[in-house]
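Worksheet for the structure shown next.
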Amino acid sequence: GHEGRLAQAFAVLVHNLWKRYDNKRQGAPKSNSNKSSSTPLDAPSLTPKSFKEAMGKFNESFAGNEQHDAQELLAFLLSGLSEDLNRIMKKPYIEAPDSDGRPDEELADIWWSNHLQRELSIIEALFTGQYKSSSTCKTCKYESARFEPFAYLQLPLPEDDQITVQCILYPLKDEDDIMKYSVRVRHDGTVNDVLMNLAKM
């Protein structure tokens, strides 16, 4: 972990975000037409500069002012907070159990109980789940299942297999207007596909 320093930096950020707004020195705040919101319209903005600098000290990849991946930041933050807030000081060695024909519910409970013997924090309670992975031996057909803990899932973005083609129609008669059309066709499509989609418009 980071000896609690990451948790302290994050606590200061959350406190500054949610602390009560004091408008005594700035006069009465402007009225907010949305009655369900209690935040004044002229509430001061917050620049998380100190938190950004702290993140750069804890992880050099977040130092500087370059653009970074939000998922990598979230993964590092959850992992670091979990370590800083972990109530288990000495983590015991626990062998991962095999399924041995037990039902999934029973096996998942065993895996989760073993996990809590090493990781016990508010981050684990709020953000950690389990996913099942199974493997089958091709020779004896024995199936083994595991219930690994996870705090986030990395999913691939779907690839768009279509492109947009713009077609401009120049009329034979000068008094007619020039028309522009846009159609979607597969990236490996042909001119005939473009004409077919134009005909449907």
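For the reader, a short list of remarks on this structure follows.
- Scope the range 123-150; condition more than 16 Å from the chain's Cα centre (by Cα) and of a type in the set (S, T, N, Q); matching residues: Q130, S133, S134, S135, T136, T139, S144
- Residue in the range 42-61 that is of a type in the set (A, V, I, L, M, F, W, C) and at pLDDT below 85 present: yes
- With respect to the stated conditions, S61 is in contact with a His (Cβ under 8 Å, 6 or more places away or on another chain) and open to solvent by 40 Å² or more (accessible area, probe 1.4 Å).
- One residue stands out in the range 65-92 among those that are without any contact (Cβ under 8 Å) to a residue 24 or more places away in the chain and either surrounded by 11 or more Cβ atoms within 10 Å (Cβ to Cβ) or among the hydroxyl-bearing types (S, T, Y) (or both): the one that is nearest to L157 (Cα to Cα), namely E72.
Every residue, every condition in (1) in contact with a Lys or Arg (Cβ under 9 Å, 6 or more places away or on another chain); (2) in a helix (DSSP H, G or I); (3) of a type in the set (G, A, S), yes or no:
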{"site": "I110", "(1), (2), (3)": "yes, yes, no"}
{"site": "L126", "(1), (2), (3)": "no, yes, no"}
{"site": "Q130", "(1), (2), (3)": "no, no, no"}
{"site": "E159", "(1), (2), (3)": "no, no, no"}
{"site": "I163", "(1), (2), (3)": "yes, no, no"}
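- Residues satisfying the stated conditions in the range 170-183, i.e. touching a residue at least 12 places away in the same chain (Cβ under 8 Å) and either open to solvent by 90 Å² or more (accessible area, probe 1.4 Å) or assigned to a loop (DSSP other than H, G, I, E, B) (or both): K180
- Annotation note: of F58, F62, the sole residue that is more than 20 Å from N114 (Cα to Cα), free of Cβ contacts under 8 Å to residues at least 60 places away in the same chain and within 19 Å of the chain's Cα centre (by Cα) is F62.
- Scope the range 93-108; condition surrounded by 14 or more Cβ atoms within 10 Å (Cβ to Cβ) and in a helix (DSSP H, G or I); matching residues: L107, A108
- In the range 184-201, the residues that are surrounded by 10 or more Cβ atoms within 10 Å (Cβ to Cβ) reach residues that are of a type outside the set (V, I, T) and assigned to a loop (DSSP other than H, G, I, E, B) with C-beta atoms within less than 8 angstrom, at least six apart or across chains, in these pairs: R186/D161.
- Which numbered condition Y152 fails, given (1) among the aromatic types (F, W, Y); (2) open to solvent by less than 80 Å² (accessible area, probe 1.4 Å); (3) in contact with a helix residue (DSSP H, G or I) (Cβ under 8 Å, 6 or more places away or on another chain): (2)
- Residue within the range 118-137 that is open to solvent by 50 Å² or more (accessible area, probe 1.4 Å), hydroxyl-bearing (S, T, Y) and under 21 Å from L78 (Cβ atoms) present: yes
The values are calculated or read from the model by the stated rules, or taken from the named source; none is laboratory data. Since the structure is predicted, the reported quantities are computational estimates derived from the model, not experimental observations. For neighbour counting, all protein chains shown are included, and Cβ atoms are generated from backbone atoms with ideal geometry for every residue, glycine included. Surface accessibility is based on the protein's heavy atoms, side chains included, excluding ligands, DNA and RNA. Shrake-Rupley method; radii C 1.70, N 1.55, O 1.52, S 1.80 Å.
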